[in-house]
């Protein structure tokens, strides 16, 4: 009889434990939250711009957007010497980029068809990749049989450093999975360094 009572108590405890587990399982279930709506306006531009660089750089960078006429509008002030620019459907470019002060001087010279400032080596992130472009014509907007169109993935760029670029491939049809010189022989030649 003592054994029967013990078995009965153990069975009751087991049933209660199962019930508690079931209740715990029910109370810990989570409901699926609806996806957040996509960002629009300046918030979307800031998100795009920040995708160009590592978070540690982008979070403290100045965010600018480019207008169709090449002028710039500040979206957010920063304090680390980098400026990030979003991809904008309103303009033919740029793709998301994040550039240091010297690189922004190079960008300004390129946009306005001027010679970049001499002796000011710049660095730029384009970790979201870049729109395909001509490897020989800095101002080509579409592929042709003669402008050596290339496809680029996430990369960084070293700008305005002619002596550094002497030892890198300058082929018009480069292997874009390796470092190479883009726009070789022009004032805007720069070193492309893939990161994936």
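Numbers below:
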read-out	value
Every pair of residues 6+ apart whose Cβ atoms lie under 6 Å, when the first sits in the stretch 167-196 and is closer than 21 Å to residue 117 by Cβ while the second is part of a helix (DSSP H, G or I)	181/165; 188/110; 191/165
Subset of the stretch 65-87 [surrounded by 12 or more Cβ atoms within 10 Å (Cβ to Cβ), in contact with a strand residue (DSSP E or B) (Cβ under 8 Å, 6 or more places away or on another chain) and at pLDDT 95 or above]	75, 76, 78, 81, 82, 83, 84
Matching option when the condition is surrounded by 15 or more Cβ atoms within 10 Å (Cβ to Cβ) and assigned to a loop (DSSP other than H, G, I, E, B), among 115, 136, 141	136
Residue selected from the stretch 88-102 under the condition over 15 Å from residue 193 (Cα atoms) and crowded, with 18+ Cβ neighbours inside 10 Å, by the criterion modelled with the lowest pLDDT	94
Residue match in the stretch 175-190 (condition: surrounded by fewer than 18 Cβ atoms within 10 Å (Cβ to Cβ), part of a loop (DSSP other than H, G, I, E, B), touching a helix residue (DSSP H, G or I) at 6+ places or on another chain (Cβ under 9 Å) and at pLDDT below 90)	no
Top-ranked residue in the stretch 32-71 [being within 18 Å of residue 103 (Cβ to Cβ) and assigned to a loop (DSSP other than H, G, I, E, B); ranked as farthest from the chain's Cα centre (by Cα)]	70
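The values are calculated or read from the model by the stated rules, or taken from the named source; none is laboratory data. Only a predicted model underlies this, so the values are computations on that prediction, with no experimental measurement involved. Positions of Cβ are generated from backbone atoms using ideal geometry, with glycine treated the same way; all protein chains shown enter the neighbour counts.
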